[in-house]
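To start, the structure under review is shown below, and the notes come after it.
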Amino acid sequence: MENDYRDSVREYHYSNRRPQHGRKRPGGSKVIPVIIIILLLIIVIIGAILLAKVLSSDDSSANVSSSEMSTSSDGTNAVVSEDASSGEQSVTSSESSVSSGTASSGEIDSRYSVGESDEPWNEWYLKIVSAANPLEEGFDPPLSTITQSYAAYSSMKFDSRAIDALEDMIAAAAEDGVTLTVISSYRTIERQQELFDDKVRRVMLENPSLSREEAENLAATEVTRPGTGEHHTGLAVDFNLAETEFEGTVQDVWLKNNAERFGFVNRYPKNKQDITGIIPEAWHYRFVGAEHAKRMNELNLCLEEYVDYLKAGNR
Ligand SMILES: [Zn+2]
């Protein structure tokens, strides 16, 4: 250390005493290149770290598209992912110690109840929107903006009649140490049209021999056609990570144990894809009202089955 110092002092004096031969050589001429080299090394290292991060996030988007691919390549063409290709980012979070919350006590909380109706299947809270039940023209639900801290993006909308249930559920999860973030909620038909048109364009690029209609049919195996997705109702949300990896997370476990208390059900369960026409989506929750959510879970019925069950005169 001391020697280095002496060396640099000696060098300083030496360079100062050195006669100038036309070319100007300022003091510390060897120190500056060393500093530049060190700075370059630091920049290269930081660059390498950033590149590694970009590559790993590319991996996760590759996962999304590979799961999209699987819907069409396994031959189950009728089964669609509601949320694939939504272009909306995922939010991940990790909690160290988490309680799965208190299970339902069996009591219906009146704040999340929708009340009696002679024909509940005709009410807003049991409305089915799907390929078999496209949205009617002029559908215009009352909407409110989801509290920013609960949502991944600003100005995300949800049905005004159920937004308190949604926000109370997210707050209750937070009390149990579980972070739920809404990454997708109400979608306009125009937005779904954009997503669908994007998909058709990509299909036609990959298969130039297809007619427009054939390309649309192929696109529809992966992206729901405008007017046929549940997000149009304003009653559906996706939480945190719209990918199969959502399964088994603390959010997944908490929702399975608690969502029905707030009137929400997992809309596209694993064993119901033949009926819903949608691949299992553990992250996609739908408001139906607390009494119906409880009943659907007890009976192990998805919304299509439950509506048929009610229409058949059961209560
Ligand atoms: Zn969804």
**Request:** Would you mention how many residues in segment 259-294 are in contact with a helix residue (DSSP H, G or I) (Cβ under 7 Å, 6 or more places away or on another chain), within 16 Å of the ligand (Cβ to nearest atom) and charged (D, E, K, R)?
**Result:** 2
**Request:** Taking residue 224 as meeting all but one of (1) within 16 Å of the ligand (Cβ to nearest atom); (2) at positive phi, write down the number of the exception.
**Result:** (2)
**Single match in 228, 224 (criterion: surrounded by 20 or more Cβ atoms within 10 Å (Cβ to Cβ) and within 18 Å of residue 121 (Cα to Cα))** = 228
**Asked** Does at least one position in segment 197-220 carry a residue that is within 25 Å of residue 302 (Cβ to Cβ) and outside any helix (DSSP H, G or I)?
**Response** yes
**Request:** Output the residues belonging to segment 241-253 that are within 12 Å of the ligand (Cβ to nearest atom) and surrounded by fewer than 24 Cβ atoms within 10 Å (Cβ to Cβ).
**Result:** 241, 243, 246
**Message:** Among (1) closer than 23 Å to residue 121 by Cα; (2) without any contact (Cβ under 8 Å) to a residue 60 or more places away in the chain; (3) hydroxyl-bearing (Ser, Thr, Tyr), there is one condition residue 249 misses while meeting the rest; what is its number?
**Reply:** (1)
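Condition check ((1) assigned to a strand (DSSP E or B); (2) surrounded by 14 or more Cβ atoms within 10 Å (Cβ to Cβ)) across all residues:
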| site | (1), (2) |
| --- | --- |
| 140 | no, no |
| 161 | no, yes |
| 172 | no, yes |
| 179 | no, yes |
| 183 | yes, yes |
**Complete:** Restricted to segment 292-315 and to residues being basic (Lys, Arg) and within 15 Å of residue 263 (Cα to Cα), the residue farthest from the chain's Cα centre (by Cα) is 295
**Prompt:** Do the conditions hold for residue 256, that is, is it at pLDDT 95 or above and either at negative phi or within 16 Å of the ligand (Cβ to nearest atom) (or both)?
**Reply:** yes
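The values are calculated or read from the model by the stated rules, or taken from the named source; none is laboratory data. Treat the numbers as computed from the prediction; the structure is a model and nothing was measured. Here the Cβ is made from the backbone with ideal geometry for all residues, glycine too, and neighbour counts use every protein chain on show.
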